[in-house]
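Below is one structure, written out as structure tokens; comments come after it.
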There are 2 protein chains.
Amino acid sequence: MVVRKIPEEKAAGEKSNNKSELGITARKEFDFSEWYPQVIQKAEMIEYGPVSGCMIIRPYAYSVWEVVQSFLDTQFKKSGVQNAYFPLLIPESLLRKEQEHVKGFSPEVAWVTEHGDTKFEERLAIRPTSETIMYDSYKKWIRSYRDLPLRLNQWCSVVRWEFKHPVPFLRTREFLWQEGHTVFATKEEAMKETFEILDIYARAYEELYAVPVLKGRKTDTEKFAGAVYSNSLEILMPNGRAIQGCTTHLLGQNFSKAFDITFLDKEGKKQYAWQNSWGFTTRSIGIMVAIHGDDKGLVLPPRIAPIQVVIVPILFSNKPTINEKILELARDMKKELKTIRVELDEREEYSPGFKFNYWELKGVPLRIEIGPKDLEKSHVVIVRRDTGVKESAPVSEVTIRVIKLLADVQDNLYNKAKKFLNDSIVKAGSLSELKSVVDDGKIASVHWCESNECEAKVKDETGAKSLNIPFKQPDIKGNCFCGCGRKAEKMIYFAKSY
Amino acid sequence: MVVRKIPEEKAAGEKSNNKSELGITARKEFDFSEWYPQVIQKAEMIEYGPVSGCMIIRPYAYSVWEVVQSFLDTQFKKSGVQNAYFPLLIPESLLRKEQEHVKGFSPEVAWVTEHGDTKFEERLAIRPTSETIMYDSYKKWIRSYRDLPLRLNQWCSVVRWEFKHPVPFLRTREFLWQEGHTVFATKEEAMKETFEILDIYARAYEELYAVPVLKGRKTDTEKFAGAVYSNSLEILMPNGRAIQGCTTHLLGQNFSKAFDITFLDKEGKKQYAWQNSWGFTTRSIGIMVAIHGDDKGLVLPPRIAPIQVVIVPILFSNKPTINEKILELARDMKKELKTIRVELDEREEYSPGFKFNYWELKGVPLRIEIGPKDLEKSHVVIVRRDTGVKESAPVSEVTIRVIKLLADVQDNLYNKAKKFLNDSIVKAGSLSELKSVVDDGKIASVHWCESNECEAKVKDETGAKSLNIPFKQPDIKGNCFCGCGRKAEKMIYFAKSY
């Protein structure tokens, strides 16, 4: 992986010993909303595009997406899902076929109305999601129970004209995702898949991004437009706002009835099919950045880091012979570490100190320093990005140490984030307690009667939204937290949200 | 890879011994324009979508694209290219920045004019290609010679509202592609890349698709809008029409001047950068289908075939014990062939004859038949899709025979196509000779004076277009074929074209 060099103006900044242009000038803890865009821009993950809300994903972020894509794609295929591609443009009449669905999406749709100087007879939507265009074909392909299950996925971009104040990755008008759309003969099979796919998603968050998640069911108010139910992963961001990580939806027979997707069962009886849809987006990159980053910039979990190790040689202009030996050792080490994504920073125009800052900003998990004294002792210094801890390692042991340390960094990031999440979930016994928890940037866990009414009350009086109803429920006793007098049925999470 | 089962209505066709619904009813040689859409639809490669020209790529075709994508992506990355993602929507003002470019594309652009019920202040183009939106960022990222080369690629779809009569894969209004956009400090480096990438493209056509290509330079009339020159791969289709396989473009400084992409060279002098763009599309799938297919359906080269081998057990309803043994052997063989993409067709509701036709339609390179007599002799029958030749093989040798046969099929398809291409290139010494060659569905090779005038004359009088000027040139003697009296400078190809 080749990394773009720093633009000249930044190098000039270095020469005058002024780190501010390269470094992050906002503190994450106190000014998250300034810290976040600085990090993703200065670490060269994104660039703002000419259309508000439509950002450019630069190679340093795109390669993170490629790692996650590859993991998800492999898991989907293992479970029997096939990839396909459906058109970008959806006729308005098709989008309007399922009533709940179109209500949910129509305010957000970007419309194509003309080509060249010719008006289209009917407006065409840029896909906000592909249920309608896919199911229009599904009805042609499905005749018999033998044609089921039909499980297709596509990797593409979608456009939703929402968010007054877009935030790269987290709230964008165009984003990349995969959308799975599956059809089953029975409700049971469909339900089972909504959990299986959610587990794959949870692995991507927890094992790759090192981001712990809350698994559960969305309330009816918060579920996907047109779904019977939605399962979700929820994450608490460092600024005390929760964000939906991804979702799987049981669509039931809502779409199969609207699109006439039927099959003959084994007895030759016509049945409406059962359907799911599920998606995972580039929002996940932004969540990972927000969870792990610090005041020096990105902190990337090794499993998704485009560069896992950077080697920085410490050279002195008055020691050309030693420099050559250091570089030789560094180059050998790079070759030796070939199973790892490693970069050797040989740039002559920058000082070691500049390079340390640069690669810290980029969040590279490990830095190997090799200077004249290291060379003498046949040692190197390895520095962890997550803790800043330095250790010395004999040259002969570098590979084994690096592999161990990468695993440690991955674990440490996850455990730290897990502790933050656990510490942030607070039980609340009343609406006022809930308000004080969410105002404090935490997640309120309450016992709830399952009524939309009490849920709506929370939103009105505190501004918090329900996240989800955890699959793992405690024993529920007593009445609804909200004072309605009804019996509590479920434990549910509320928090201020994105 | 799981294959969708045949819909009920086709099974019904089989029962009445009527093959016509499943089989291809048009002859490739006599009615290519009916044969081609039948093959790609019946083999489940595509489905027509609700918007004319925007087709659905089904798993059986998409998985071919995934093989080609994986090859190209690996080659690009080896050569130092990085992937990124730029927005789908381009403001009209940006699209208009390079004059030649916008002239070439504006009639084809699909425009987004509103979201929900709100009009946009400026129309947004759906990307017909991404030069303008990418270069708008490149100018921000490039400052010094140290920032070069910058070599980015993206995988996406593009929309061009062209073609009155769309043909799936070959002439579509939305298609999938990759577009590489690169920036260099010198013209020499940029030129070199246009050849290197073309070589990678040629390998995809020749080594994966088994489709031989003609490499050369487009004429000024036929080059990309905004380019200094375009290199292309050209292919002759079985219907006697040539088609452009893909292109690489030297953009020179046309865009860097329009977008102000400059850098400070080693002497600190400001220079305009040199740029290229290059793309490879899903059109290639259609070309491959057209070249190799026959009256029974698809014939897929093994390297891109989603299923390389299908095992068909020959079962008899009165021999349940033998059937079980045959199935056992078939299942073992499937496991044994695990490095190969193999499918075992265990469906009970179809006869062996039906299955033979089905998998021939799908173009699977090899079929293994196992019947009671084979079981007895511990042999199987292997049938090649390309030649229909059957051979018997001992069970113990199946893996080695299959690997050898797959390589033979791949070679044979290429050689057959190469012979067709070679036999179709005919020298012409005059305009009337050229006309008779192209009217005969062949490629005319002529010696040309390089004037636009003589090129235009061919188009006017014969309807043929120039394909390209081959990189490998013979000795050129005498005058231009066209009777203009000027000295001939180059050998060039003309043919009727898509």
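The values are calculated or read from the model by the stated rules, or taken from the named source; none is laboratory data. Bear in mind that the values here come from a model prediction, so they are computed numbers and not experimental data. Heads up, the Cβs are rebuilt from the backbone with ideal geometry, glycines too, and the neighbour counts pull from every protein chain shown. Heavy atoms of the whole protein, side chains included, go into the accessibility calculation; ligands, DNA and RNA do not. Shrake-Rupley method; radii C 1.70, N 1.55, O 1.52, S 1.80 Å.
Things to note:
- Residues that are part of a strand (DSSP E or B), within 10 Å of chain B (Cβ to nearest Cβ) and open to solvent by 30 Å² or more (accessible area, probe 1.4 Å), drawn from the range A:111-125: A:HIS115, A:THR118, A:LYS119, A:PHE120, A:GLU122, A:ARG123
- Candidates B:TYR350, B:TYR358, filtered to the one that is touching a residue at least 12 places away in the same chain (Cβ under 8 Å) and assigned to a helix (DSSP H, G or I): B:TYR358
- Verdict on A:VAL68 being crowded, with 19+ Cβ neighbours inside 10 Å and within 22 Å of A:ALA210 (Cβ to Cβ): yes
- Residue ranges of strands (runs of 3 or more DSSP E) in the range B:362-475 with at least 2 members surrounded by fewer than 20 Cβ atoms within 10 Å (Cβ to Cβ), more than 27 Å from the chain's Cα centre (by Cα) and at pLDDT 95 or above: B:379-384, B:390-394
- Condition check for A:ARG146 on (1) at the interface with chain B (Cβ under 10 Å from one of its Cβ atoms); (2) in a helix (DSSP H, G or I); (3) touching a Gly at 6+ places or on another chain (Cβ under 8 Å): one failure, at (3).
- You will find that of A:LYS140, A:LYS215, the residue that is touching a Leu at 6+ places or on another chain (Cβ under 8 Å) and surrounded by fewer than 23 Cβ atoms within 10 Å (Cβ to Cβ) is A:LYS215 and no other.
- Criterion: of a type in the set (A, V, I, L, M, F, W, C) and within 12 Å of chain B (Cβ to nearest Cβ) - qualifying residue of A:VAL167, A:VAL159: A:VAL159
- Annotation for the range A:97-110: at least one member residue is within 9 Å of chain B (Cβ to nearest Cβ) and touching a strand residue (DSSP E or B) at 6+ places or on another chain (Cβ under 6 Å).
- Test: residue in the range A:215-224 that is more than 18 Å from A:TYR138 (Cβ to Cβ), more than 20 Å from the chain's Cα centre (by Cα) and of a type in the set (Val, Ile, Thr): yes
- When residues of the range B:476-498 are limited to those that are part of a loop (DSSP other than H, G, I, E, B) and aromatic (Phe, Trp, Tyr), the one surrounded by the fewest Cβ atoms within 10 Å (Cβ to Cβ): B:TYR498
- Failed item, numbered, when B:GLU222 is tested on (1) under 19 Å from B:LEU148 (Cα atoms); (2) of a type in the set (D, E, K, R); (3) outside any helix (DSSP H, G or I): (1)
- Single match in A:LYS97, A:LYS164, A:LYS139, A:LYS103 (criterion: part of a loop (DSSP other than H, G, I, E, B) and touching a residue at least 60 places away in the same chain (Cβ under 8 Å)): A:LYS97
Matching residues to (1) more than 27 Å from A:PRO50 (Cβ to Cβ); (2) modelled with pLDDT of 95 or more; (3) small (Gly, Ala, Ser):
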position: A:LEU124; (1), (2), (3): no, yes, no
position: A:SER137; (1), (2), (3): yes, yes, yes
position: A:SER144; (1), (2), (3): yes, yes, yes
position: A:LEU148; (1), (2), (3): yes, yes, no
position: A:ARG151; (1), (2), (3): yes, yes, no
position: A:PRO168; (1), (2), (3): no, yes, no
position: A:THR172; (1), (2), (3): no, yes, no
position: A:GLN178; (1), (2), (3): no, yes, no
position: A:VAL183; (1), (2), (3): yes, yes, no
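- Residue ID - farthest from the other protein chains (Cβ to nearest Cβ), chosen from residues in the range A:40-58 that are more than 22 Å from B:ALA125 (Cβ to Cβ) and open to solvent by 20 Å² or more (accessible area, probe 1.4 Å): A:LYS42
- Number of the exception - B:PRO87 against (1) buried (at least 20 other Cβ atoms within 10 Å of the Cβ); (2) within 8 Å of chain A (Cβ to nearest Cβ); (3) assigned to a strand (DSSP E or B): (3)
- Only one of B:GLU179, B:GLU234, B:GLU193, B:GLU189 that is more than 19 Å from the chain's Cα centre (by Cα), open to solvent by less than 10 Å² (accessible area, probe 1.4 Å) and in contact (Cβ under 8 Å) with a residue 24 or more places away in the chain: B:GLU193
- Every listed requirement among (1) over 29 Å from B:PHE195 (Cβ atoms); (2) out of contact with any helix residue (DSSP H, G or I) (no Cβ under 7 Å at 6 or more places or on another chain) is met by B:LYS103 save one, (1).
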